[in-house]
Ligand code: MG
């Protein structure tokens, strides 16, 4: 059978979601063609990806690394053109030939290209949590004005989507009335991170080297710390609220240590349907790429589903989770404040300049200092984010005496 090839750009191809996407695309090469890739600093891996996958365009966003790369290889390698910075990202995310944009860049660099991709009516596969949490309102209002589609690749949200679609319902992003008329509850699972069984009195002794070891998923340092504080699950509650818009009391998380059940959807009739899979990012990535079909063939061995366990989250150990829930409830720029204050705190914790238990206290203090408002454009979001970051830094310096 011959398929119409769909063109894909990956913003952030050298990270783990990006690299997994390239592997999935290779196995589905009769359906997809790679158009653009990008990296910030990892030009060595980018060069390998250019020679292996031959995209039309490769973008480097770090100025120094771009210059270094072009001095070494020129501005074209075979059929691949090398572009620089945000302009380059906009090129690969809004060009007419592009059908699908995978947004896998960490942080705010992803915001403008995603908004551009939305205005150019692309399918956006979103792996970036920060911009959903910090700029959710803007993203939803932009989506409502366009024909673009935004599909989550975060394993839990992708799992929710899979259950919803597989049950014959539609994907109508943020449509409160629709989902309220069809669903009772959404539950996402959490592995619990490395400190679930640690006595609360020991939490003050946690160092960054302990927090970056995750039991079931292999991830970057920042997200591993977020997992260990359960902030990651809190951010995912905000993400789930944004995508499906049930009342907050109907969106919950539960500890499931084996990371094989990713989400559970309780329908109006009281039936609950769960999504299960190995913790392998290629599964949600492939589903988003071929949505709503299942075409990708996993190479994993037969999965074992014995001894699955579920427990409530021990809230007293994980105040970050509760902070995120109240941000989800308050809306407006609460997610932005939470995300920025958390990122700065985690940065200081990773350098062992503050304690693990300081992280939620700092975030709470930042909330006390920053005004809750709505940001309705990219500029005010970026400005507000910078402001919260500098308030957080100031507070840490003043209170914790660290440079
Ligand atoms: Mg997740």
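Miscellaneous remarks
- Among (1) at pLDDT 95 or above; (2) more than 12 Å from the ligand (Cβ to nearest atom); (3) within 19 Å of the chain's Cα centre (by Cα), the one test that residue 222 misses: (1)
- In this structure, residue 10 does not qualify as at pLDDT 95 or above, closer than 24 Å to residue 116 by Cβ and in a helix (DSSP H, G or I).
- Which numbered condition residue 275 misses (of (1) free of Cβ contacts under 8 Å to residues at least 60 places away in the same chain; (2) surrounded by 22 or more Cβ atoms within 10 Å (Cβ to Cβ); (3) not in a helix (DSSP H, G or I)): (1)
- Being closer than 22 Å to residue 55 by Cβ, assigned to a helix (DSSP H, G or I) and either within 16 Å of the ligand (Cβ to nearest atom) or touching a helix residue (DSSP H, G or I) at 6+ places or on another chain (Cβ under 6 Å) (or both) is true of residue 93.
- Some residue of the stretch 305-313 being surrounded by fewer than 16 Cβ atoms within 10 Å (Cβ to Cβ), modelled with pLDDT of 95 or more and in a strand (DSSP E or B): yes
- Meets criteria (within 15 Å of the ligand (Cβ to nearest atom) and either modelled with pLDDT of 95 or more or not in a helix (DSSP H, G or I) (or both)) for residue 287: yes
- Any hit, the stretch 252-270, residues being within 12 Å of the ligand (Cβ to nearest atom) and in a helix (DSSP H, G or I): no
- Of all residues in the stretch 60-81, those being in contact with a helix residue (DSSP H, G or I) (Cβ under 6 Å, 6 or more places away or on another chain), free of Cβ contacts under 8 Å to residues at least 40 places away in the same chain and crowded, with 18+ Cβ neighbours inside 10 Å number 4.
- Condition met for residue 101 (surrounded by 16 or more Cβ atoms within 10 Å (Cβ to Cβ), modelled with pLDDT of 95 or more and part of a strand (DSSP E or B)): yes
- Subset of the stretch 307-323 [in contact with a strand residue (DSSP E or B) (Cβ under 6 Å, 6 or more places away or on another chain) and within 22 Å of residue 206 (Cα to Cα)]: 313
- Residue satisfying all of: in the stretch 227-242; more than 13 Å from the ligand (Cβ to nearest atom) and farther than 13 Å from residue 321 by Cα; surrounded by the most Cβ atoms within 10 Å (Cβ to Cβ) among these: 241
- Single match in 274, 211 (criterion: more than 14 Å from the ligand (Cβ to nearest atom) and out of contact with any strand residue (DSSP E or B) (no Cβ under 7 Å at 6 or more places or on another chain)): 211
- Of all residues in the stretch 295-306, one or more are more than 30 Å from residue 102 (Cα to Cα) and touching a strand residue (DSSP E or B) at 6+ places or on another chain (Cβ under 9 Å).
- Candidate set from the stretch 109-135 (those that are within 16 Å of the ligand (Cβ to nearest atom) and in a helix (DSSP H, G or I)); member that is surrounded by the most Cβ atoms within 10 Å (Cβ to Cβ): 132
- Scanning the stretch 137-176 for residues that are in a helix (DSSP H, G or I) and away from the ligand (no atom under 16 Å from the Cβ) turns up 137, 138, 139, 140, 141, 142, 143, 144, 164, 165, 166, 176.
- Here residue 353 fulfils each of the conditions (1) part of a loop (DSSP other than H, G, I, E, B); (2) in contact with a helix residue (DSSP H, G or I) (Cβ under 6 Å, 6 or more places away or on another chain) apart from (2).
- The stretch 361-377 - residue that is within 21 Å of the chain's Cα centre (by Cα) and surrounded by 16 or more Cβ atoms within 10 Å (Cβ to Cβ) and, of those, farthest from residue 336 (Cα to Cα): 363
The values are calculated or read from the model by the stated rules, or taken from the named source; none is laboratory data. Only a predicted model underlies this, so the values are computations on that prediction, with no experimental measurement involved. FYI the Cβ positions are ideal-geometry reconstructions off the backbone, even for glycines, and counts take in every protein chain you see.
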